[in-house]
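Input: a single structure, listed below in structure tokens.
The values are calculated or read from the model by the stated rules, or taken from the named source; none is laboratory data. Here the structure is a predicted model, which is why all the values come from computation and not from measurement. All Cβ positions, glycine included, derive from the backbone under ideal geometry; neighbour counts span all protein chains shown. For accessibility, only protein heavy atoms count, side chains too; no ligands or nucleic acids. Shrake-Rupley method; radii C 1.70, N 1.55, O 1.52, S 1.80 Å.
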Amino acid sequence: MKMRTVLLMLVIFLAGVATGYAVDGAAAPTVLPAVVESGTRVAPAAVLAAAAPAEDPIPDGLSEEERRQIRVFRTASASTVFITNVGYRRDFFSMNIEKIPQGSGTGFVWDKAGHIVTNYHVIEKGREFTVTFGGDTTYPAKVVGVAPNKDLAVLKVEAPEDLLFPLELGRSADLAVGQKVMAVGNPFGLDHTLTVGVVSALGREWTSPGGRTIKDVIQTDAAINPGNSGGPLLDSRGRLIGVNMSIISPSGAFAGIGFSVPVDTVRRMIPQLIQHGRPIRPGIGIHIVPDHVARRYGIEGVVVDEVNQGWPAAKAGMEPVRLTRSNKMIGDVIVAVNDQPIGSSDDLLDAFELAGVGAEVSLTLKNQGELRDVTLKLVEVNR
């Protein structure tokens with residue numbers, strides 16, 4: 001009899017635990033459900049939100065500056081994600097396709113639609129991608145758009161909105177050398193880390209994976225280590241001012257010189273990648289002589305090689321450069337756009353991109369030593 005009573009009580013107790021209640025009516029410990037997605041254990045967002053511990057209080061006795069940095073880091077961490085990149089390789093003997101890790105990096109949430117911004121070189125050569133929020137919630141991602149010439153890329157995840165916290169955008173044009181900056185990322189595959197430094201220099205140039213020169217790059221001494229690429233560079237208020245991309249280092253580790261794509265470039269480029277999958281290139285319908293050829297002949301500016309009929313350049317009367325029978329060179333060389341000097345093809349493309357498709361620009365042309373100005377409307381070009 002006693003044994004049957006004990007067994008009955010045990011069954012009742014276990015039933016109470018299974019339904020989330022103890023036998024005395026008090027709430028029993030909740031066992032968090034989980035799902036497996038692409039081999040990664042992922043807790044549902046609603047469960048995570050319910051089970052997440054309260055944010056740790058900021059310790060007493062800290063300076064206001066330290067308290068502000070802590071708040072900025074905690075806010076930015078919710079927006080910063082870890083990206084993994086997998087490529088394919090065919091086995092030589094079995095001919096089976098194998099998945100090969102290509103690397104990892106950092107990204108950050110752009111909007112509530114699930115767009116994630118990172119560096120192009122973080123996803124380059126990859127075939128599959130995953131995005132991890134908070135260290136343990138992982139979703140597959142697909143590439144939406146890339147801009148190799150700006151070292152930027154956009155991924156998209158189908159994640160619930162309560163995991164998506166876009167960063168506030170600042171302005172890189174307003175930066176000053178010496179102001180404090182913070183970099184958030186996942187160096188060496190570790191969880192979120194914060195490094196602090198200053199703007200060391202402005203207006204730097206860096207060669208992108210696509211071969212173009214990125215202008216107005218931000219230099220900082222905030223440590224940017226392997227895995228930090230694609231992460232946000234923030235000002236002291238937590239606003240995005242750049243996307244961390246590279247370092248100068250003889251050893252491969254951080255040596256005090258890091259570079260970030262300026263947010264003014266990011267702000268202009270990312271909507272194009274989301275909408276079109278590529279940058280929308282403005283132009284006027286010309287082909288130009290390569291810079292090294294122009295320099296060989298001592299020409300300063302961008303030499304017009306061809307003018308496409310029906311395009312803005314042709315309508316404005318621009319002439320391609322050519323040699324006469326007497327070896328006299330005639331034709332147009334672009335030497336300024338909106339009164340800003342143009343010394344290379346990169347300068348010209350940057351000036352057009354800054355203005356954007358549909359904008360009117362003033363070109364200063366040089367032809368046989370004489371200058372003239374023409375006004376044209378920029379249109380979208382494919383090359």
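At-a-glance table
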item	result
Which listed residue, of Ile70, Ile100, Ile83, is at pLDDT 85 or above, open to solvent by less than 50 Å² (accessible area, probe 1.4 Å) and more than 21 Å from the chain's Cα centre (by Cα)	Ile70
Residue within segment 255-270 that is within 30 Å of Lys156 (Cβ to Cβ), among the polar types (S, T, N, Q) and in contact with a helix residue (DSSP H, G or I) (Cβ under 9 Å, 6 or more places away or on another chain) present	yes
Pairs where the first residue, in segment 284-307, is at positive phi and the second is assigned to a loop (DSSP other than H, G, I, E, B) and crowded, with 16+ Cβ neighbours inside 10 Å, C-beta under 8 Å, 6+ apart	Gly285/Trp311; Gly301/Ile342
Filtered residues of segment 333-383 (kept if at pLDDT below 95, among the acidic types (Asp, Glu) and within 18 Å of Pro312 (Cβ to Cβ))	Glu353, Glu380
Test: Ile58 is modelled with pLDDT under 90, out of contact with any Gly (no Cβ under 6 Å at 6 or more places or on another chain) and aliphatic (A, V, I, L, M)	yes
Extreme residue, modelled with the highest pLDDT, among residues of segment 111-121 that are within 19 Å of Gly227 (Cα to Cα) and open to solvent by 10 Å² or more (accessible area, probe 1.4 Å)	Tyr120
Entirely in segment 191-301, the strands (runs of 3 or more DSSP E) that have 1 or more residues that are farther than 29 Å from Leu363 by Cα and open to solvent by less than 50 Å² (accessible area, probe 1.4 Å)	193-207, 213-220, 232-235, 240-247, 258-262
Restricting segment 152-167 to residues that are in a loop (DSSP other than H, G, I, E, B) and under 18 Å from Gly230 (Cβ atoms), the residue that is least open to solvent (accessible area, probe 1.4 Å)	Leu164
Options Gly197, Gly210, Gly203: the member that is of a type in the set (Gly, Ala, Ser) and on the phi > 0 side of the Ramachandran plot	Gly203
Condition check for Val131: in a strand (DSSP E or B), closer than 25 Å to Leu273 by Cβ, touching a residue at least 40 places away in the same chain (Cβ under 8 Å) and under 18 Å from the mean Cα position of the chain (by Cα)	yes
Unmet requirement for Ala173, which otherwise passes all of (1) among the small types (Gly, Ala, Ser); (2) farther than 21 Å from Gln219 by Cα; (3) open to solvent by 40 Å² or more (accessible area, probe 1.4 Å)	(2)
